[in-house]
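The block underneath contains the structure these notes are about, expressed in structure tokens.
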Amino acid sequence: MTNCKVCNNTTKQVIDIGAMPIANGFLTKDKFDQEHFFNLAALFCPSCKMFQLAEQPDPKLMFHDHYAFFSSTSKKMAEHFEKMATSYKREFINDSTDAFVVELGSNDGIMLRHFAKDGIKHLGIEPSSNVADVARQNGVTTISEFFGEEIARQVFEEYGKADIISAANVMCHIPDLASVGAGVRLLLKEKGVFVFEDPYLGDMIQKTSYDQIYDEHVYIFSIQSVSHAFAPYGLEVFHVEPQPTHGGSMRYHLCLKGQHAVRDSVRHQIKIEENLGLGDFETYDRFKNLCEKNRDDLVSLLKQIKAEGKRVVGYAATSKSTTVLNYCNIGPDLVEYIADTTPLKQGKFSPGVHIPIKPYDDFKTDSPDYAILFAWNHAQEIFAKEQDFLKKGGKWIFFVPTVKVSGIEEAALNHVA
């Protein structure tokens, strides 16, 4: 029996994915015997409706001075964050000379740089020092810390209160939501807004995208769970916006209770959540069964391809791929290598199953028969630049929402949203 991290009531286990390494822990051969594993299991709290991990590794094992994710490597994400900054300026900043914008988990400054170039006071709070260094080099004021009540107090004392506190794909990483809630309440101006977006529980359930479950994602949120989590700190959700990023995300707008009118978007999305059964454990039991079928189908397909003498590689060494590869026990016997554009990952091996990570150029010059699209949430961006792979007869392997092989004709139909 495990108690909920948010409300301390009893949870129910959804799925036990098994022994799992650090999702972004790409490593060299000499580190194989030092690799850290933990048990990856997901729980659901019937009381506050929070979907959560049973266990999460120490944050210092995940976010450090050699963290291997840089937001700016994706053109689509750069466009996404530029639009986000523009919407913040338009809707929530009345006087740019007096404004202060804070971003939690600001990465390499991909969003805040749009405030920096306009001379708007801002602060990035980024725990991984290597990506924080890149942000500072780009002119974005950044500190390397984990956000909580104490850091919020320090920021308030040095900078004053914030008009906007923003976070993107960050809140789901933070187990201590109580400290965040208290910190936001302390740091936010009376009419200020706390806006964050993270992978959305409704999308994960509908797409059977179990690869959203990994060490960094201690929570997968819904409106119901977000409302329960932040209500004790005088915060309420007043607006939501579905987002296509990360395979389906939700942008939550919170304020000090009563400071902004609750919009129809909240009521509409709550109805959708009720129709999806996100508050009912039976929904998660069905999800578990679909995950197991997906795993079995993918392994069966890869073994069939190998038996035919064909070659399979992976495309994009994502954090999410670690869950898929280890849950399915897929190693270099079934997937030769994974191609990735991140120099920090190249020449290393995937966590747990130790598939070699090769430079993207190797994929371009190679002619594999199949490529598993681990970065399925960037499918359209990838399809646009990988026409040669398809023209040479290459085929994509998808596993979201179901296992499927896609050649040039199918790929043109934009199979993955």
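The values are calculated or read from the model by the stated rules, or taken from the named source; none is laboratory data. What you see is a predicted model, and the numbers here were worked out from it, not measured in a lab. Positions of Cβ are generated from backbone atoms using ideal geometry, with glycine treated the same way; all protein chains shown enter the neighbour counts. Ligands, DNA and RNA are excluded from the accessible area calculation, which covers all protein heavy atoms including side chains. Shrake-Rupley method; radii C 1.70, N 1.55, O 1.52, S 1.80 Å.
Points to keep in mind about this one:
- Remark: pairs (first residue in the stretch 262-290, at negative phi and open to solvent by less than 50 Å² (accessible area, probe 1.4 Å); second residue in a loop (DSSP other than H, G, I, E, B) and among the basic types (Lys, Arg); Cβ separation under 6 Å; 6+ apart in sequence or on different chains) = 279/49.
- Among all residues of the stretch 134-152, there is none that is more than 22 Å from the chain's Cα centre (by Cα), closer than 27 Å to residue 262 by Cβ, in a strand (DSSP E or B) and of a type in the set (A, V, I, L, M, F, W, C).
- Taking the conditions (1) out of contact with any His (no Cβ under 7 Å at 6 or more places or on another chain); (2) crowded, with 18+ Cβ neighbours inside 10 Å in turn, residue 116 satisfies each one other than (1).
- Selected residue [among the basic types (Lys, Arg), at pLDDT below 90, over 16 Å from the mean Cα position of the chain (by Cα) and more than 27 Å from residue 382 (Cβ to Cβ)] from 89, 49, 121, 60: 60
- Single condition residue 367 does not satisfy, out of (1) touching a helix residue (DSSP H, G or I) at 6+ places or on another chain (Cβ under 9 Å); (2) assigned to a loop (DSSP other than H, G, I, E, B); (3) under 27 Å from residue 20 (Cβ atoms): (3)
- Extreme residue, farthest from residue 246 (Cα to Cα), among residues of the stretch 201-229 that are open to solvent by 10 Å² or more (accessible area, probe 1.4 Å) and out of contact with any helix residue (DSSP H, G or I) (no Cβ under 8 Å at 6 or more places or on another chain): 228
- Residue 336 being more than 17 Å from residue 27 (Cβ to Cβ) and in a loop (DSSP other than H, G, I, E, B): yes
- Unmet requirement for residue 394, which otherwise passes all of (1) within 26 Å of the chain's Cα centre (by Cα); (2) closer than 27 Å to residue 307 by Cβ: (1)
- Close Cβ contacts (under 8 Å, 6 or more residues apart or on different chains) running from residues in the stretch 1-17 that are at pLDDT below 95 and open to solvent by 50 Å² or more (accessible area, probe 1.4 Å) to residues that are in a strand (DSSP E or B) and not aromatic (Phe, Trp, Tyr) comprise 1/10; 2/10; 2/13; 2/43.
- Candidates 241, 236, 282: the one that is more than 30 Å from residue 361 (Cα to Cα), in a helix (DSSP H, G or I) and not β-branched (Val, Ile, Thr) is 282.
- Qualifying residue in the stretch 229-237 (condition: in contact (Cβ under 8 Å) with a residue 40 or more places away in the chain and among the hydroxyl-bearing types (Ser, Thr, Tyr)): yes
- Residues satisfying the stated conditions in the stretch 91-113, i.e. open to solvent by 10 Å² or more (accessible area, probe 1.4 Å), more than 17 Å from residue 144 (Cβ to Cβ) and of a type outside the set (Val, Ile, Thr): 91, 92, 94, 95, 96, 98, 113
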